[in-house]
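Trainee: Can you read through this structure? Questions will come right after.
The values are calculated or read from the model by the stated rules, or taken from the named source; none is laboratory data. Computed from a prediction, not measured in an experiment: that's the story for all the values here. Positions of Cβ are backbone-derived with ideal geometry, glycine not excepted, and every protein chain shown enters the neighbour counts. Please note that ligands, DNA and RNA were not included when accessible areas were found on the heavy atoms of the full protein model with its side chains. Shrake-Rupley method; radii C 1.70, N 1.55, O 1.52, S 1.80 Å.
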2 protein chains.
Amino acid sequence: MQDFCARLLCGPDSIAFVEQPSYDRTVTVLRRAGAEVVGIPLEADGLDVDRLEKLLKDGKRPVLLYLVADFQNPSGIVLSAEKRLRVVALARQYGFWIIEDAPYRRLRYRGKELPTLLSLAPDRVLFMSSYSKLISPGLRVGYVVSPPALSAELAKMAEDTYINPSYFNQAIVYEFIQRQWLEPHIAQLKALYHPRLDAMLSALEHHLSGLATWTRPEGGFFVGVTLEAPVAADDLLSEARAANLVLTDGRGFFANGDGDRFVRLPFCALTLSEIEEGIARLGAVVRGLSE
Amino acid sequence: MQDFCARLLCGPDSIAFVEQPSYDRTVTVLRRAGAEVVGIPLEADGLDVDRLEKLLKDGKRPVLLYLVADFQNPSGIVLSAEKRLRVVALARQYGFWIIEDAPYRRLRYRGKELPTLLSLAPDRVLFMSSYSKLISPGLRVGYVVSPPALSAELAKMAEDTYINPSYFNQAIVYEFIQRQWLEPHIAQLKALYHPRLDAMLSALEHHLSGLATWTRPEGGFFVGVTLEAPVAADDLLSEARAANLVLTDGRGFFANGDGDRFVRLPFCALTLSEIEEGIARLGAVVRGLSE
């Protein structure tokens, strides 16, 4: 779906704004569609909207802004309510599309839900989500809610590419929801993941205090860690590998070439003891590189 | 898969050869990838290889030749054994890739199977097929057999786009085959489709003799019909619609802008009486336009 949106909206001379860090696959897909990808830094309450506004005032004209407003990939950050309003106002003023990618939105473990960007500006927002994180990634069922102006072209792009999605998998998702299994299943996932998030945060406190700063998400899959010491990503990755820790390359998340000191920590698929053990090893690796 | 192959192999200045007529979606996908699409006419025994050779000798340098060697879409034609050898020899000599699309190959109702192009030149051929015509189109499970030189890039293109295909659907296909249901199922499909092909051919004989020529396929889904009288596709389509006949626009299959007189007739999904009735109506429409 991101690929279809990217190819529909972007051409060789277009500019796409993303959060920095952003989802690495999206950066790849936007570049492949020909766009110049410009990263806008994240703050604790989401996108640096002052910076977004300055870029627009300085004459940068993006066709789209891609963001994950809820429990961002890779940082776990949530875009604040005030910033949501400002972002949609700017999209209207400067005429760019917002792609709101919301796969983690329903996985909130504490705190209060904020309105989607889609609800604030259905005329400017392509909202996409999927059942990959809520039912099963093996099904590959997702959806886009698109402004009417783009729906027909988007559907044609999809049809020209894969004729149709798997009706069988869509039927499975439909049945899952019809039988009212989705809400209890989400509750179950939250009960499973919430303690893992807490374990991750307390392990970080224990093993990386003074060596790094990190986000404190209220949901989702990821905690974003920024190391204090200047390290080279290649050293970090190879030292981690030597300690039997598999890290994703932080540089993939930074459209501008940074990211050496950024580490994305996914906590959902690990047990509490694996989290404790993994962060202990990460602490040792980072201490080793800081010396 | 066609989209991945097209994007991997074609760029803005590249040339892609296709059969003429060819599968309309492929022409769209190749153009979208930036290629100039050149159609090479079909003869009763497949691609006009003399014409292919002449284009190559004249300096046209395609990155790929896309063809459906078995029961071609939209014509039903099969590429002869001698021509298969000549095509792969030319691919080696001039260094282009062959995309052999083979979704209908297993649906042969009579006559003898010919070797795949893949078996003749695994170094030059990307062979693709799917279970859409053999098990269910709703599953969307297909595959590419690629020369080692391209596999890694092709896999990365796919992964960057959709992360992974549906494992669940792949597991269904795997089970279907493991339980040895596939071969009996194909036999059942043949028993169902063979009489429909024969009914189509005899209805054409009955209702369109003198008004058109057509292919006499030994398998697959389609009979390709070429009308004798010069007609405009728009007239043909609207007259057919008025007779409650839904035809696919023949022009979509011709990369060079022809196709007004071409009609693709799919026979697999219709009952014998629907086929007889449909071709009778087509005959009446064509007679009306020829007067």
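Trainee: Please indicate, with yes or no, whether at least one residue in segment B:52-60 is within 14 Å of chain A (Cβ to nearest Cβ) and farther than 17 Å from B:GLY259 by Cβ.
Mentor: no
Trainee: Considering only residues that are hydrophobic (A, V, I, L, M, F, W, C) and more than 15 Å from the chain's Cα centre (by Cα), which ones fall in segment B:127-154?
Mentor: B:LEU134, B:ILE135, B:LEU139, B:VAL141, B:VAL144, B:VAL145, B:ALA149, B:LEU150, B:ALA152, B:LEU154
Trainee: If you don't mind, there's one more thing I want to ask. On the basis of being surrounded by 14 or more Cβ atoms within 10 Å (Cβ to Cβ), within 21 Å of the chain's Cα centre (by Cα) and free of Cβ contacts under 8 Å to residues at least 12 places away in the same chain, does A:ASP198 make the cut?
Mentor: Yes; evaluated as a whole, the condition is true for this residue.
Trainee: Is it the case that B:LEU114 is closer than 27 Å to B:PHE267 by Cα and either aromatic (Phe, Trp, Tyr) or touching a helix residue (DSSP H, G or I) at 6+ places or on another chain (Cβ under 8 Å) (or both)?
Mentor: yes
Trainee: Which residue out of A:VAL231, A:VAL246, A:VAL223 is open to solvent by less than 40 Å² (accessible area, probe 1.4 Å) and either at pLDDT below 95 or not in a strand (DSSP E or B) (or both)?
Mentor: Just one listed residue meets the conditions, A:VAL231.
Trainee: Could you pull out every one of the helices (runs of 4 or more DSSP H) wholly within segment B:1-95 that has 3 or more residues that are open to solvent by 20 Å² or more (accessible area, probe 1.4 Å) and of a type in the set (A, V, I, L, M)?
Mentor: So the answer is B:81-94.
Residues checked against (1) farther than 24 Å from A:GLN20 by Cα; (2) not small (Gly, Ala, Ser):
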| residue | (1), (2) |
| --- | --- |
| A:TRP214 | no, yes |
| A:ALA232 | no, no |
| A:PRO266 | no, yes |
| A:GLU276 | yes, yes |
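Trainee: Hey, can you tell me all the residues within segment B:136-169 that are closer than 24 Å to B:SER119 by Cα and either open to solvent by 40 Å² or more (accessible area, probe 1.4 Å) or facing another protein chain (nearest Cβ under 9 Å) (or both)?
Mentor: Once the filter is applied, which keeps residues that are closer than 24 Å to B:SER119 by Cα and either open to solvent by 40 Å² or more (accessible area, probe 1.4 Å) or facing another protein chain (nearest Cβ under 9 Å) (or both), segment B:136-169 yields B:VAL141, B:TYR143, B:VAL144, B:VAL145, B:PRO148, B:ALA149, B:SER151, B:ALA152, B:GLU153, B:ALA155.
Trainee: For segment B:179-191, state whether one or more residues are of a type in the set (Phe, Trp, Tyr) and surrounded by 14 or more Cβ atoms within 10 Å (Cβ to Cβ). First the steps, then the outcome.
Mentor: Our first condition is that a residue be of a type in the set (Phe, Trp, Tyr); within segment B:179-191, this holds for B:181.
Filter once more, keeping what is surrounded by 14 or more Cβ atoms within 10 Å (Cβ to Cβ): none.
Scanning segment B:179-191 turns up no residue that is of a type in the set (Phe, Trp, Tyr) and surrounded by 14 or more Cβ atoms within 10 Å (Cβ to Cβ).
Trainee: Of the residues in segment B:181-206, how many are closer than 15 Å to B:ALA269 by Cβ and among the hydroxyl-bearing types (Ser, Thr, Tyr)?
Mentor: 1
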